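In what follows, a structure is listed as structure tokens, so that the remarks can point back to it.
The values are calculated or read from the model by the stated rules, or taken from the named source; none is laboratory data. Remember, it's a predicted structure, so these values are computed and weren't measured experimentally. Neighbour counts run over all protein chains shown; Cβ positions are idealised from the backbone, glycine included. Protein only, heavy atoms only, side chains kept; ligands, DNA and RNA dropped before computing areas. Shrake-Rupley method; radii C 1.70, N 1.55, O 1.52, S 1.80 Å.
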Amino acid sequence: MLKVNDVHKSFNDTKILDGISFDISKSKVFGLAGPSGSGKSTLLRCMQGLEVPDQGSIECKGKTCFMFQDFQLFPHMTVVQNLLYAPNLGGKKRENEQRANTLMKNLGLESKKHAYPKSLSGGQKQRVALARSLMINPEILLCDEPTSGLDVATTTDVVLLLKSICETAGVTMVIASHDLDFLTKISDRIVLLKNGKIVTDMEVQLCDDPINYLKKYY
């Protein structure tokens, strides 16, 4: 589904990614863990084509969509307008409106259809950003710190929501986060980056205590 092969990336004289390689299978949730500055967000941006690797390659079979950490909602647009303004949407207006209505219903946003982002909670903004990403029917969804700034209860809701999307829509997800508790609850596999290198690669279900295992390398 997605193959990262010996990817290197530097900004000025600072090495951000240093020979990253792995494969991601279809319909799996793949976690990118690591402290701030480890390179996980840069790697995610390279997967989407927002950054270009200095060396190596990223092969992607399927349409990707990027969900930004700060949601990137248009403040002057309502929830439904944000969804209908999704990039590379295409299709007929009526079909897009029907899809937007279905997504808002499935994500519990029907009552917020005509609300503006400033009136939404962090969890609601997160759901709008997810709905906008799903408008283009991506095969691969790239999420950068999707629980940043959310409380524990809302984070739990996000876990259930993303798992449901993966299972029902068959979407492959790559999620970058420093939150090990969140990643171990949602991911099938987690790669931990540190100083631009992979320091461990684990299958979550095969590990008895995944959080403490990852903490050893953090």
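Consider the range 148-185 and keep the residues that are open to solvent by 10 Å² or more (accessible area, probe 1.4 Å) and among the polar types (S, T, N, Q). The one that is nearest to residue 204 (Cα to Cα) is 184. The number of residues in the range 203-217 that are exposed (fewer than 10 other Cβ atoms within 10 Å of the Cβ) and more than 20 Å from residue 24 (Cβ to Cβ) comes to 3.
Being closer than 21 Å to residue 143 by Cα, touching a Phe, Trp or Tyr at 6+ places or on another chain (Cβ under 9 Å) and assigned to a loop (DSSP other than H, G, I, E, B): is that true of residue 74 here?
Taking the combined requirement at face value, the residue satisfies it.
Counting only strands (runs of 3 or more DSSP E) that sit completely within the range 161-207, those holding 1 or more residues that are basic (Lys, Arg) correspond to 189-194, 197-203. Within the range 91-113, if we keep just the residues that are in a helix (DSSP H, G or I) and among the small types (Gly, Ala, Ser), the residue that is farthest from residue 164 (Cα to Cα) turns out to be 111.
With respect to residue 152, is the statement that it is touching a Leu at 6+ places or on another chain (Cβ under 8 Å) and not hydroxyl-bearing (Ser, Thr, Tyr) true? Give the derivation first.
Values: touching a Leu at 6+ places or on another chain (Cβ under 8 Å): no; not hydroxyl-bearing (Ser, Thr, Tyr): yes.
Against the criterion (touching a Leu at 6+ places or on another chain (Cβ under 8 Å) and not hydroxyl-bearing (Ser, Thr, Tyr)), residue 152 does not qualify.
Against the definition (part of a helix (DSSP H, G or I) and in contact with a helix residue (DSSP H, G or I) (Cβ under 6 Å, 6 or more places away or on another chain)), how does residue 154 come out, yes or no? Yes, satisfied.
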